[in-house]
Amino acid sequence: MSGWINTTEELMDYLRKNAQEKGYYFNKDSSFVNELLKSLLINLKRYGYASCPCRLSTGNYDLDSDLICPCVYMEDDVKKYGSCFCALYVSKDIFESVKLPASIPESRPKDKLFGIDYNNISAKRTSEKKWKCEICGYEHLGNETPKSCPKCGAPKEMFKEIK
Amino acid sequence: MIKHVNGKNDKKSVFLYTLSTCVWCKKTKQLLIDMGIKYDYIDVDLLVGAEQDKVMKELSNVNPQGGFPTILINKVKTIVGFQPDAIREDLL
């Protein structure tokens, strides 16, 4: 996915096509949506998939798959609260009214939020390489460097492995 | 990794668990700045490995229901999500 989506416009085209097929509505606040798209793109570059910017991803696809936008909680949240957790997607009612979506409660099960064995993840992580951006100091865990630094945008060549 | 934001109003201690990518977190930070509240925050997604795990464990104690932003006031009270009315009521 990250191979052919490199800009917020491309990401929006992809999400819009999906939304048209499924009958989803986007938040009308374009500056709010643009902030979310920028964040989704950061996650896409950081993890390799556009996971929810309002929740913490682990970087492990299996643990994060429920969070890939539009997340599995989106449809129910839109029905129940009028918007998804991030307020990227809204209900038809909100879309057609002047009301603005608000911050809503978390629908992701607690065992997914905190039930992960953090010690276990650390053990898994220590088997991976650790990289540091020489420009801003951002640290990345993984067998390879990210395509570019998610924090400062430096190219991957600026990442050096640290031991 | 904890960042400090200065403000004239330092009557209460205010600590935020946030994500650098979360738009509600950004709105919460901006509201506190507009209100002149002094606060500290940590962007959990920018932490790596054991350091992130440690902060997430801490957050699960502070706010068992989870979610960003979590605002911890005077080390006891929490406000979860972007809740401008609750924030104004508690901090002004």
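Say we look at segment B:63-77 and pick out the residues that are more than 8 Å from chain A (Cβ to nearest Cβ) and surrounded by 16 or more Cβ atoms within 10 Å (Cβ to Cβ); which of these is nearest to A:Arg46 (Cα to Cα)? Break it down stepwise before answering.
From segment B:63-77, those more than 8 Å from chain A (Cβ to nearest Cβ) are B:63, B:69-77; that's our starting set.
Now narrow it down to the ones that are surrounded by 16 or more Cβ atoms within 10 Å (Cβ to Cβ): B:63, B:69-73.
Values: B:Asn63: 26, B:Pro69: 21, B:Thr70: 23, B:Ile71: 26, B:Leu72: 28, B:Ile73: 32 Å.
Across segment B:63-77, the extreme among qualifying residues is B:Pro69.
Could you say whether any residue in segment B:45-60 is buried (at least 20 other Cβ atoms within 10 Å of the Cβ), touching a residue at least 40 places away in the same chain (Cβ under 8 Å), of a type outside the set (A, V, I, L, M) and under 22 Å from A:Lys151 (Cα atoms)?
no
Within 14 Å of chain A (Cβ to nearest Cβ), at negative phi and modelled with pLDDT under 95: which single residue out of B:Leu59, B:Leu31 fits that description?
B:Leu59
Return a yes/no flag: does segment A:23-38 have any residue that is small (Gly, Ala, Ser), in contact with a helix residue (DSSP H, G or I) (Cβ under 7 Å, 6 or more places away or on another chain) and on the phi > 0 side of the Ramachandran plot. Show your work before the answer.
Applying the first criterion (small (Gly, Ala, Ser)) to segment A:23-38 yields A:23, A:30-31.
Add one more test, that the residue is in contact with a helix residue (DSSP H, G or I) (Cβ under 7 Å, 6 or more places away or on another chain), and what stays is none.
Checked segment A:23-38: no residue is small (Gly, Ala, Ser), in contact with a helix residue (DSSP H, G or I) (Cβ under 7 Å, 6 or more places away or on another chain) and on the phi > 0 side of the Ramachandran plot.
If I filter segment A:35-49 for residues that are of a type outside the set (D, E, K, R) and in a loop (DSSP other than H, G, I, E, B), do I get at least one hit?
To start, the set of residues in segment A:35-49 that are of a type outside the set (D, E, K, R) comprises A:36-37, A:39-44, A:47-49.
Of the ones still in play, those that are also in a loop (DSSP other than H, G, I, E, B) are A:48-49.
There is at least one residue in segment A:35-49 that is of a type outside the set (D, E, K, R) and in a loop (DSSP other than H, G, I, E, B).
Out of B:Val55, B:Val76, B:Val48, which single residue is β-branched (Val, Ile, Thr) and touching a helix residue (DSSP H, G or I) at 6+ places or on another chain (Cβ under 7 Å)?
Result of the check over B:Val55, B:Val76, B:Val48: B:Val55.
Working only within segment A:60-92, note down all residues that are surrounded by fewer than 19 Cβ atoms within 10 Å (Cβ to Cβ) and either within 11 Å of A:Asn27 (Cα to Cα) or within 11 Å of another protein chain (Cβ to nearest Cβ) (or both).
From segment A:60-92, those surrounded by fewer than 19 Cβ atoms within 10 Å (Cβ to Cβ) are A:60-63, A:65-66, A:72, A:75-76, A:79-80, A:92; that's our starting set.
Scanning segment A:60-92 gives a single hit, A:Lys92.
Looking at A:Pro150, A:Pro109, A:Pro105, A:Pro101 in this structure, which one is over 19 Å from B:Asp43 (Cα atoms), within 14 Å of another protein chain (Cβ to nearest Cβ), crowded, with 21+ Cβ neighbours inside 10 Å and at pLDDT below 95?
The unique qualifying residue is A:Pro101.
Against the definition (out of contact with any Pro (no Cβ under 7 Å at 6 or more places or on another chain), buried (at least 23 other Cβ atoms within 10 Å of the Cβ) and free of Cβ contacts under 8 Å to residues at least 24 places away in the same chain), how does A:Ser57 come out, yes or no?
Numbers: out of contact with any Pro (no Cβ under 7 Å at 6 or more places or on another chain): yes; buried (at least 23 other Cβ atoms within 10 Å of the Cβ): no; free of Cβ contacts under 8 Å to residues at least 24 places away in the same chain: yes.
When the stated conditions are applied, A:Ser57 does not pass them.
What number of residues within segment A:4-59 are basic (Lys, Arg) and closer than 21 Å to A:Pro155 by Cα?
Selection size over segment A:4-59: 3.
Tell me, which residue of segment B:20-41 that is in contact with a Lys or Arg (Cβ under 9 Å, 6 or more places away or on another chain) and surrounded by 20 or more Cβ atoms within 10 Å (Cβ to Cβ) is nearest to A:Gly59 (Cα to Cα)? Spell out the reasoning first.
In the first step, residues of segment B:20-41 are kept if they are in contact with a Lys or Arg (Cβ under 9 Å, 6 or more places away or on another chain); the result is B:20-22, B:31-32, B:35-41.
Cutting the leftovers down to surrounded by 20 or more Cβ atoms within 10 Å (Cβ to Cβ) gives us B:21-22, B:32, B:37, B:39, B:41.
Numbers: B:Thr21: 15, B:Cys22: 17, B:Leu32: 31, B:Ile37: 34, B:Tyr39: 29, B:Tyr41: 22 Å.
For segment B:20-41, the residue satisfying everything is B:Thr21.
Step by step: first the residues of segment A:6-48, then only those that are within 22 Å of A:Asp76 (Cα to Cα) and within 14 Å of chain B (Cβ to nearest Cβ), then the one that is surrounded by the fewest Cβ atoms within 10 Å (Cβ to Cβ). Which residue is that?
Filtering segment A:6-48 for residues that are within 22 Å of A:Asp76 (Cα to Cα) and within 14 Å of chain B (Cβ to nearest Cβ), the one surrounded by the fewest Cβ atoms within 10 Å (Cβ to Cβ) comes out as A:Asp29.
Just a yes or no: is a residue in segment B:30-40 hydrophobic (A, V, I, L, M, F, W, C), free of Cβ contacts under 8 Å to residues at least 40 places away in the same chain and farther than 19 Å from A:Ile104 by Cβ?
The answer is yes; a qualifying residue exists.
The values are calculated or read from the model by the stated rules, or taken from the named source; none is laboratory data. Everything quoted here is computed from the prediction, not taken from an experiment. Note that each Cβ is placed from the backbone with ideal geometry, even for glycine, and that neighbours are counted across all protein chains shown.
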